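The values are calculated or read from the model by the stated rules, or taken from the named source; none is laboratory data. This is a predicted model, so every value here is computed, not measured. Cβ placement follows ideal geometry from the backbone for every residue including glycine, while neighbour counts extend to all protein chains displayed. The area values use the complete protein model at the heavy-atom level, side chains included, leaving out ligands, DNA and RNA. Shrake-Rupley method; radii C 1.70, N 1.55, O 1.52, S 1.80 Å.
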Amino acid sequence: DRPAPRSALQQRRRLDGLNAPRPVNEGRAAVRRLQGGAGSPKLLRQLKIPLAFTCWYLFSIVYSIANKQVLSAWNFPCTSAAAQLAVGALSVLLLWTPLPLGGEKRLRLRSPPSLDANDVRKLVPVASCLAAGHLLSTVAPAYGTVAFTNVVKTLEPLFTCAFSALLLGQTFPLPVYLSLLPVVFGV
């Protein structure tokens with residue numbers, strides 16, 4: 001009744017209190033569980049979207065209050081908005097930057113998009129409107145209350161649908177318009 005012989009690595013791991021390495025398939029299953037994919041608990045899958053909405057709502061409140069405090073102490077809303085956009089752009093660039101792993105190996109957290117000149121030409125108006133929207137939503141609390149600013153920001157989806165129909169002739173399916181009702185009546 002002797003125990004099975006262990007390799008030196010297994011004995012060292014046992015003595016150091018480390019677990020034996022997991023098979024690759026178990027690691028992949030763990031990643032899928034964290035991402036809410038197959039194999040994750042049912043409750044986690046059911047709470048994924050409500051949790052995302054809750055986090056978005058809470059972070060939005062914190063951002064609005066912090067932005068108002070910054071603008072109360074430092075009344076340069078355009079500079080503040082530009083700095084926020086620069087930090088966002090820098091963080092995306094860092095995600096695209098290959099990280100050295102030693103030797104010739106590199107790791108990229110995200111692959112950069114492959115865009116040609118035509119793609120960039122299509123993105124410039126959209127990016128400009130998003131930047132202008134961010135600028136205006138950052139400037140607004142400097143001249144009004146956080147509550148009023150949030151009411152205006154909450155109506156953005158309604159105006160997006162209205163302007164898409166009026167200016168672009170683009171309409172959305174009925175469920176999209178129905179989803180606007182809680183937003184409009186909630187304000």
Looking only at segment 137-187, filter to residues that are open to solvent by 70 Å² or more (accessible area, probe 1.4 Å) and assigned to a loop (DSSP other than H, G, I, E, B); which one of those is nearest to residue 78 (Cα to Cα)? 145
Whichever residue in segment 94-114 is open to solvent by less than 90 Å² (accessible area, probe 1.4 Å) and either under 28 Å from residue 81 (Cα atoms) or in a loop (DSSP other than H, G, I, E, B) (or both) and, among such residues, is modelled with the lowest pLDDT: 103
Search segment 131-144 for residues that are without any contact (Cβ under 8 Å) to a residue 40 or more places away in the chain and pair each with any residue that is aromatic (Phe, Trp, Tyr) and open to solvent by 20 Å² or more (accessible area, probe 1.4 Å) when their beta-carbon atoms are under 9 Å apart and the residues are at least 6 apart or on different chains. 140/148
Are any residues in segment 40-50 surrounded by 12 or more Cβ atoms within 10 Å (Cβ to Cβ) and assigned to a helix (DSSP H, G or I), and if so, which ones? 44, 45, 47, 48
Kindly list the number of the only condition in (1) modelled with pLDDT of 60 or more; (2) of a type in the set (A, V, I, L, M, F, W, C); (3) more than 20 Å from the chain's Cα centre (by Cα) that fails for residue 9. (1)
